[in-house]
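**Student:** Below is a structure I'd like to ask you about.
FYI, it's all coordinate maths here, none of it is from the lab. The shown structure was predicted, so the numbers you read here are calculated from the model rather than taken from an experiment. Virtual Cβ from ideal backbone geometry, glycine too; neighbours counted across all protein chains shown.
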Amino acid sequence: MQASFDAKLNAWHCQPRHGAITAAPEGAPHLQYDSWTHLLARAAVRPFLGTALRPNHLTTLRLLTGLAACALFALGTRDGDIWGGVIWLVSAFLDRADGELARIGRMTSPAGHRYDYVTDVLINALFFVAIGIGLRHSWLGAWAIPLGLVAGIALAVCSGWSELLEAGQAHTERAYSGRWGFDPDDALYLMAPFAWLGWLAPVLIGASVGATLMMTITGIRLRRLSVRQPASVPVTGDP
């Protein structure tokens, strides 16, 4: 049973995906990406269909703006938090836009997915490391940077395990589904107004606890899935 599950995870790396686009076996239900932010990004990139713009171009912009936002947050200044929040919103929206362009433009690829996935995990994890550095002179003091590292590492591990969890379920279910038109990772948009309001310290504390908890839950779910996977389930969708 473990060998069958491992084979499914290995097969995941060969699937043509970009921006968390999923590929389910023939006849299986496909995952839906219809949150408000997905719909908005879809409308924004639609005019660029048929142009030279490619998903990887948007992913690169997502990477650069994310790094810039993190650098500003790490300054720990009021201006840094304000401008960091503005650029963070742009970066978060580009995270949606690259996947939507790949999906509706039929431009998915394994390399594109890997680039998008690594970028997202890197930037989202660096965000918490950056605000930890920026809060080193706040009332959190010496705890700020360790809390940032805990939150960033836990989020990165949770993201990786969530991808493996979806792969083990043949991409028919999302690891964590949203409600009312919002996905769980839409919460990252809130980091900008939190920064403007000066609430990053309590956000960092909550993230260090919450991300660690979600990492633990995801790890347990992944372990249970690997144990109960039947050996007879085919690895691919081939008849």
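**Student:** Subtracting the Cα-Cα distance from 0.36 nm times the residue separation, let me have the gained length for Asp186 to Ala44 in nm, one decimal.
**Tutor:** Using 0.36 nm per residue and subtracting the Cα-Cα distance, I get 49.4 nm.
**Student:** Still on this structure: I'd like to compare 133-143, 90-100: which one has the highest average count of other Cβ atoms within 10 Å, and what's the full order after that?
**Tutor:** Highest-to-lowest ranking by the protection proxy: 90-100, 133-143.
**Student:** Let me ask something else about it. At 7 Å along the Cα-to-beta-carbon direction for both Leu213 and Val227, put a label point, then send me their distance in nm to one decimal.
**Tutor:** It works out to 2.3 nm between the two label points.
**Student:** Between Leu61 and Leu122, what length in nm is gained on full extension when 0.36 nm per residue of separation is reduced by their alpha carbon distance?
**Tutor:** Extending this stretch completely gives an extra 20.6 nm.
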